[in-house]
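Only one structure is covered here, and it is reproduced in the block below.
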Amino acid sequence: MATDFIARLLEALRSVAGPGPVALHAPEFAGNERRYLIECVDSTFVSSVGPFVDDFERKLAQFTGAKHAIAVVNGTAALHVALRLSGVQPDDEVLVPALTFVATANAIIYCGAHPHFIDSEPVTLGIDVVALRAYLETNVVVEGGRCFNRHTRRVIRALVPMHTFGHPVDMAGLLALADEFQLQVVEDAAESLGSYYRGVHTGTLARLGILSFNGNKVITTGGGGAILTNDSELARRAKHLTTTAKVPHRWEYVHDESGYNYRMPNINAALGCAQLERLPVILAAKRRLFSAYDTAFGPVSEVELVREPDGCRSNYWLNAILLRAGLEDQRDSVLTATNDAGFMTRPAWRLLHRLAPFAACPRMKLLGAERIESRLINIPSGPALLGGREP
Ligand SMILES: *Cc1c(COP(=O)(O)O)cnc(C)c1O
């Protein structure tokens, strides 16, 4: 009986997350956050220059293995600049999953380009490489090193893989496709700091990648983001474009192009430096939380917990359950019952092609994404959730 299964699901949730109320993903400030913030205020360097922001970039590069990290005001700004640096121009198209946070598509719009929505598959929750290949083979033509949409005749310039809820997508498959179809790749690793694809940190597998440090992400700077690249010239361009394209000089205001005021403030980076110090502890706590959920949901055969893909290590940013096929009509009842009981649960994002601003964008058939959307529920995943308790 449906109501019986929801009661068992609630009990499993309660056995891990405690009595509630429980947020979806609350940040945890258990390290040097206060100390660095006070130090930053006392120094008066709270804005776009200061030692914390340089230090944060250095430590991010070190942690991810990227040669360069450029800190910016948020993940959306990082995507905007990364897309521009990939050569995305007005009226281009950019391939992007329909199953992603709205920011991924917004950044494409900021470039004057058109999001072109592609399908996702249920194992990684990321782009369906097999379906995308079949779609490209019949709907695009590669001429003179560029990929054209046969129907709109526009250039399809780039592909934006996204690592959904921290689970790495099939990057080898996507990089091979991008190579074959002459597409630039910008990796949206906003959710996947601490996730690895075959031992390589997500966001560093393509020429450009981005991270987000919004309040609900694995670590936070309040608001913040970063561009990752191994290419020194791209890194120099990213720093220049995100700092109003000012030509360094002791007193002259010379800007050699129209840039952006996207530099991460030092005060945000102060918070970030403290958060980065605790990242390994946070990641370990999130793995423990996943395995506690795995045990608790084991007997609830109506749902399946999303786990890291083979050969990958996930940061388990947001845990998700998938309702078994046939139970789609129970999704909203589960959302209502869990939220009523004080557990903040959420459905997947509304698929982007069904949002008003993107309704006219080109797209392939999105059957996989629709199936995921009808069955997926995110459950509380904050790093402090288990507290000191061992599962
Ligand atoms: C959070 C997020 C972003 C944007 O990050 P902000 O820092 O909030 O601008 C982009 N893409 C995805 C998939 C995200 O989850």
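The values are calculated or read from the model by the stated rules, or taken from the named source; none is laboratory data. All of these numbers come straight from a predicted model, not from anything done at the bench. Please note: Cβ atoms are built from the backbone with ideal geometry, for glycine as well, and neighbour counts cover all protein chains shown. These area figures cover heavy atoms from the full protein model, side chains too; ligands, DNA and RNA do not enter into them. Shrake-Rupley method; radii C 1.70, N 1.55, O 1.52, S 1.80 Å.
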Condition first: within 16 Å of the ligand (Cβ to nearest atom) and either assigned to a loop (DSSP other than H, G, I, E, B) or open to solvent by 70 Å² or more (accessible area, probe 1.4 Å) (or both). Now tell me which residues in the range 42-78 satisfy that. 73, 74
Condition first: surrounded by fewer than 17 Cβ atoms within 10 Å (Cβ to Cβ) and touching a Leu at 6+ places or on another chain (Cβ under 7 Å). Can you find one or more residues in the range 151-168 that meet it? no
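Step by step: first the residues of the range 91-112, then only those that are free of Cβ contacts under 8 Å to residues at least 60 places away in the same chain and buried (at least 24 other Cβ atoms within 10 Å of the Cβ), then the one that is farthest from the chain's Cα centre (by Cα). Which residue is that?
108
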Applying the selection to the range 187-211, what residues are within 11 Å of the ligand (Cβ to nearest atom) and assigned to a strand (DSSP E or B)? 187, 188, 210, 211
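I'm trying to understand the selection: among the residues of the range 56-65, which are more than 18 Å from residue 263 (Cβ to Cβ) and touching a residue at least 60 places away in the same chain (Cβ under 8 Å)?
Residues satisfying the conditions are 63, 64, 65.
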Across the range 25-41, what is the total count of residues that are over 14 Å from residue 387 (Cβ atoms) and buried (at least 16 other Cβ atoms within 10 Å of the Cβ)? 8
Are there any pairs, at least 6 apart or on different chains, whose C-beta atoms fall under 7 Å, with the first in the range 301-316 and within 23 Å of residue 383 (Cα to Cα) and the second open to solvent by 60 Å² or more (accessible area, probe 1.4 Å) and aliphatic (A, V, I, L, M), and if so, which? 309/123
Return only the number of the condition from (1) among the hydrophobic types (A, V, I, L, M, F, W, C); (2) in contact with a Phe, Trp or Tyr (Cβ under 6 Å, 6 or more places away or on another chain); (3) open to solvent by 30 Å² or more (accessible area, probe 1.4 Å) that residue 352 does not satisfy. (3)
Could you check how many residues of the range 212-234 are of a type in the set (Ser, Thr, Tyr) and within 10 Å of the ligand (Cβ to nearest atom)? 3
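Per-residue answers, yes or no, for (1) open to solvent by 60 Å² or more (accessible area, probe 1.4 Å); (2) closer than 24 Å to residue 293 by Cβ; (3) modelled with pLDDT of 95 or more:
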| position | (1), (2), (3) |
| --- | --- |
| 332 | yes, yes, yes |
| 343 | no, yes, yes |
| 347 | no, yes, yes |
| 364 | no, no, yes |
Selection count, the range 93-140, where residues are among the hydrophobic types (A, V, I, L, M, F, W, C), touching a strand residue (DSSP E or B) at 6+ places or on another chain (Cβ under 7 Å) and assigned to a loop (DSSP other than H, G, I, E, B): 3
Matching residues in the range 297-322 - criterion: being open to solvent by 20 Å² or more (accessible area, probe 1.4 Å) and within 13 Å of residue 12 (Cα to Cα): 298, 299, 301, 302, 304
Please determine, by comparing only the residues of the range 3-24 that are closer than 13 Å to residue 300 by Cβ and aliphatic (A, V, I, L, M), which one is surrounded by the fewest Cβ atoms within 10 Å (Cβ to Cβ). 7
